[in-house]
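Asks: Sharing a structure below in structure tokens format, with a few things to ask.
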Amino acid sequence: MRSTGIVAFRDSKLKTFPDEILDLDRSVRTLDLTNNRIVDIPVEIGKLTNLQRLLLADNVIERLPVNLGKLQSLKVIILDGNRITSLPDEIRLERLSISGNLLTSLPTTIGSLRNLLIFNVSNNKLKSLPESVGSCFSLEELIANENLIEDLPSSVCNLVHLKSLSLDKNNVKQIPLNLLKDCKALQNISLHGNPISMDQFQQMDGFQEFEARRRKKFDKQIVSNVIISSKGLDEGVDL
């Protein structure tokens, strides 16, 4: 495990964080503790200064150490299927997945994640996304399915690199009027199971340009023999 930088204790029925990992210090680049019964991550994880990927899905973690943001090499955190109710203020990531937890809000400091490419907060209890999410300038994919979200902050229009927005099974009645116009990279919007209408969507500024990008992506997938599903507006609004 030292030579590859990968330390894995998947499916090991662990209830506590293995102390022996902390002795490996700088040699750990990927730490995989998926599918255990771990409740807490010790603050001593800060010793793993070269850690790049932290995989903690399917545990019973309730909170994260406040010093997690001190791990400046950390690029990926997977926390799906835990019991987390809040996030540390300072984390620098390219990918953050925290679906299937108990989040009711996100910290305003989420906007400091300027290198974040993929953000998945599906299946939580979020009623809104913070205005600061619009400062995640590198964001390409935002997935927030199965929450309680009613509307999006106008700052989402600042996400000029956003390619995919998924908000299935929320309470979204409308989206920012300039979203399709300002997010010129957007190719995919999924709003199935929301009270927004197709007419609202089609009347938005930039709809024709969005539709052209969506169809171009669809055509490329067909040429590449990629099978994709279609329902209503493909990758769009569920009526």
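The values are calculated or read from the model by the stated rules, or taken from the named source; none is laboratory data. Not measured: the values here are computed from a predicted model. Here Cβ is always computed from backbone atoms with ideal geometry, including for glycine, and neighbour counts include all displayed protein chains.
Asks: Under 9 Å by Cβ, and 6 or more places apart or on different chains, what pairs join a residue from region 120-141 that is on the phi > 0 side of the Ramachandran plot and modelled with pLDDT of 95 or more with one that is in a loop (DSSP other than H, G, I, E, B) and of a type in the set (Ser, Thr, Tyr)?
Replies: 123/99
Asks: Taking residue 175 as meeting all but one of (1) under 16 Å from residue 131 (Cα atoms); (2) within 18 Å of the chain's Cα centre (by Cα); (3) not acidic (Asp, Glu), write down the number of the exception.
Replies: (2)
Asks: Moving to a separate point now. Looking at (1) buried (at least 19 other Cβ atoms within 10 Å of the Cβ); (2) within 19 Å of residue 119 (Cα to Cα), which is the one condition that is false for residue 185?
Replies: Answer for residue 185: the failing condition is (1).
Asks: Considering 74, 87, 126, which residue is assigned to a loop (DSSP other than H, G, I, E, B), out of contact with any helix residue (DSSP H, G or I) (no Cβ under 7 Å at 6 or more places or on another chain), over 28 Å from residue 13 (Cα atoms) and among the hydrophobic types (A, V, I, L, M, F, W, C)?
Replies: Residue meeting the stated conditions: 126.
Asks: Just give me the residues in region 198-215 being surrounded by fewer than 14 Cβ atoms within 10 Å (Cβ to Cβ), in contact (Cβ under 8 Å) with a residue 12 or more places away in the chain and outside any helix (DSSP H, G or I), in sequence order.
Replies: Matches in region 198-215: 205 only.
Asks: Among the residues of region 91-102, count how many are aliphatic (A, V, I, L, M), modelled with pLDDT of 95 or more and buried (at least 20 other Cβ atoms within 10 Å of the Cβ).
Replies: Qualifying residue count for the region: 2.
Asks: Kindly indicate whether any position in region 19-28 is small (Gly, Ala, Ser) and either surrounded by 20 or more Cβ atoms within 10 Å (Cβ to Cβ) or closer than 20 Å to residue 112 by Cα (or both).
Replies: no
Asks: Let me ask something additional. I need the strands (runs of 3 or more DSSP E) fully contained in region 1-55, keeping only those with at least 3 residues that are not acidic (Asp, Glu).
Replies: 6-8, 53-55
Asks: Do we have any residue at all in region 173-188 that's part of a loop (DSSP other than H, G, I, E, B), under 26 Å from residue 125 (Cβ atoms) and in contact with a Pro (Cβ under 7 Å, 6 or more places away or on another chain)?
Replies: Checked against the condition, which is being part of a loop (DSSP other than H, G, I, E, B), under 26 Å from residue 125 (Cβ atoms) and in contact with a Pro (Cβ under 7 Å, 6 or more places away or on another chain), region 173-188 yields at least one hit.
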